[in-house]
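Taking it in order: structure first as structure tokens, then the write-up.
Read-outs: derived from the displayed coordinates by stated rules, not from any lab. Predicted model, so just to flag it, every value in this text is computed and none were measured. Because the Cβ atoms are built from the backbone with ideal geometry, glycine has one as well, and the counts that use them run over all protein chains shown.
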């Protein structure tokens, strides 16, 4: 029973390129969360998705960032025209249900470095 | 002021010591989570609790809802417990709000 999978684990991009981060939730989980951990900072919520729907994107930067969770396939966090400040670890978590007290299972993270 | 505060920020201990990490929050919550993050590694969920106390092996988590405070205890600490321990809360929505973490180093 595989856990949450993220790929790539490490991603290097030059300024102005696009970054695509993928997250496959645990089997049977239909809720996905993306969090960002900037260097020497705590984790911050970015976006919460269910299959084909964005439920809460209050933590997403207004420009260049987008997320999707299609009916088939992994959830994708897309960063266009990356800048050095986007360098961070991006974690995905999944849960079986939604609700106020639901355990989330985290993936290993994607470490993005922007040169 | 952060909604979730942890103390101490850094903690060193000798193997075998009893360790306590504290978490205070300033908002009404539906649940509190304790997470563990190893250097260069991913994040593991240790506990989710909304009242009382939970125990798993050498780890114990307690929460006092009235005082808006939680503690994570590690008994008989071991070098492999060295990690960053993160407190997070969930409000009336699904997203988590995180503390800045406590970096624990246990020396043999």
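On a C-alpha basis, how far is the centre of the range A:1-79 from the centre of the range B:83-108 in Å? Whole number, if you could?
One Cα centre to the other: 20 Å.
With a point put 7 Å past each Cα toward its Cβ, work out how far residue A:51 is from residue B:2 in nm, to one decimal.
3.7
I need B:70, B:26, A:87, B:77 ordered by Cβ neighbour count within 10 Å, fewest first.
Values: B:70 25, B:26 12, A:87 16, B:77 21.
The order, fewest Cβ neighbours first, is B:26, A:87, B:77, B:70.
So for the protein assembly as shown, Kirkwood radius off the Cα pairs, Stokes-Einstein at 4 °C and 1.567 mPa s: how many µm² s⁻¹?
Values: Rh = 18.0 Å.
This corresponds to a translational diffusion coefficient of 72 µm²/s.
In Å, what is the Rg of the alpha-carbon atoms in chain A, and how long is Dmax?
13.3, 39
How high is the relative contact order of chain A, in percent, counting Cα pairs under 8 Å that sit 6 or more residues apart?
Details: 296 pairs, mean separation 42.3, N = 115.
Dividing the mean separation by the residue count of chain A yields 37 percent.
Sort all Cα-Cα distances of chain B into consecutive 5 angstrom bins from zero, then give the percent of pairs in each bin up to the one containing the longest distance.
For chain B, the pair-distance distribution reads 2, 13, 25, 26, 19, 10, 4, 1, 0.
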